[in-house]
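Contents: one structure, followed by commentary.
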Amino acid sequence: MLSGNPGNKKNLYVPDYVVFDLETTGVSPNTDEVIEISAVKVCSGKVVDEFSTLVDPGRPIPYYATMVNGISNDMVEGQPSFQSALSSFLSFTGDMVLVGHNIHCFDMKFLYRDARKFFGKTIGNDYVDTLSLSRIIYPQLSSHKLTYLAEYLGLSTEGAHRALKDCHMNQVLYEKMGEELQKGNAGTMRICPVCGSPMVKRKSAYGPFWGCSNYPNCKCTRDIQC
């Protein structure tokens, strides 16, 4: 949804959300453009709808980008502009929580930039970055890339790096993370009693303590003995 203020990053599971993913001409939110946007809508943990469109970026797609995502200049010719695609995406998502992998440092920056450029506002939806969440839930793993996590959990990675496939892969991953968070309530994982996010160990001048991973949105702390 369009808003005067951006939404907040969350580190928790919600049963109703929209997983989304972008494919772009490159890795810079400052200079590159979106060439595909896809999303999967989930209610009560179940997929109920999906959205996907290629986008004409108004510029040639670099060869190295095509090698990663398989999207060529011929494929985007005649496709909607990102202004049109973003408007449709916002109608699809409404005010639901957005979920995606590495969206805090990548995808959300494209959305914020282009929402301001096209509509004079930003994106007000709260969001969950499953990359950040995976580092809390699976700290033992050597990599937290989406495909690595999928393989670790026994999920198929066929068709990875196309937006809609990555959305479906990430949706299953997020549900499994939700199961781990549920277990954490009665297990070894500390869960914030205020917002439901995982607690992580932090240090201060007075020693270590438990702090909410959703800081600074939630400032709950607990003594390390708790």
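No value in this document is a laboratory result; all are computed from the given coordinates. Computed from a predicted model, the values in this text were never measured in an experiment. With ideal geometry, Cβ positions are generated from the backbone for all residues, glycine too; neighbour counts draw on all protein chains shown.
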For this session: Step through the residues of region 196-208 one at a time and calculate ³J(HN,Hα) from phi using the Karplus curve (6.51 cos²θ - 1.76 cosθ + 1.60, θ = phi - 60°), rounding each to whole Hz and writing x for Gly and Pro.
Result: x, 7, x, 8, 10, 6, 10, 10, 9, 5, 9, x, x
Exercise. Where both residues lie in the chain, what percent of DSSP beta bridges are antiparallel, nearest 5?
Worked result: 80
For this session: Highest first, please rank the peptides 23-36, 94-107 by the mean number of other Cβ atoms sitting within 10 Å of their residues.
Result: 94-107, 23-36
For this session: Any chance you could run the full-extension gain for Arg116 through Asp16? It's 0.36 nm times the residue separation minus the Cα-Cα distance, nm to one decimal.
Result: 33.4 nm
Seminar exercise, completed: Quick calc, Ala205 & Ser84: beta-carbon distance into FRET formula, R0 35 Å, rounding 0.05, result 0.10
Problem set entry | For region 95-193: rounded, prolate or oblate by the Cα gyration tensor [a/c cutoff 1.5] | oblate
Problem set entry | Label-reachable residues, region 56-92, where backbone N falls under 11 Å from a point 7 Å from Arg162's Cα toward its Cβ | 70-71
Exercise. What is the gain in length, in nm to one decimal, between Tyr148 and Val68 on full extension, counting 0.36 nm per residue of separation less the C-alpha to C-alpha distance?
Worked result: 27.2 nm
Exercise. Taking springs between alpha-carbon atoms closer than 10 angstrom, which of Lys165, Lys121, Lys203 fluctuates most in the Gaussian network model of the chain?
Worked result: Lys203
Problem set entry | Rounded, prolate or oblate (a/c below 1.5 giving rounded, otherwise prolate when a/b exceeds b/c) for region 44-92 by Cα gyration tensor | oblate
Exercise. Straight-line reach from Lys10: which aspartates and glutamates have a Cα under 13 Å away, not including same-chain ones fewer than 8 places off?
Worked result: Asp126, Asp129
For this session: Would you kindly work out the equivalent ellipsoid of region 2-184 from its C-alpha gyration tensor and give its semi-axes, the square roots of five times the eigenvalues, largest first in whole Å?
Result: 26, 20, 14
Problem set entry | Mean Cα-pair separation over length for the chain, i.e. relative contact order, pairs under 8 Å, 6 or more apart, % | 24
For this session: Mind listing the long-range amide H neighbours of Ile35? Cut-off is under 5 Å, sequence gap 5 or more, other chains count too, H placed in the peptide plane at 1.01 Å from N.
Result: Glu23, Thr24, Thr25
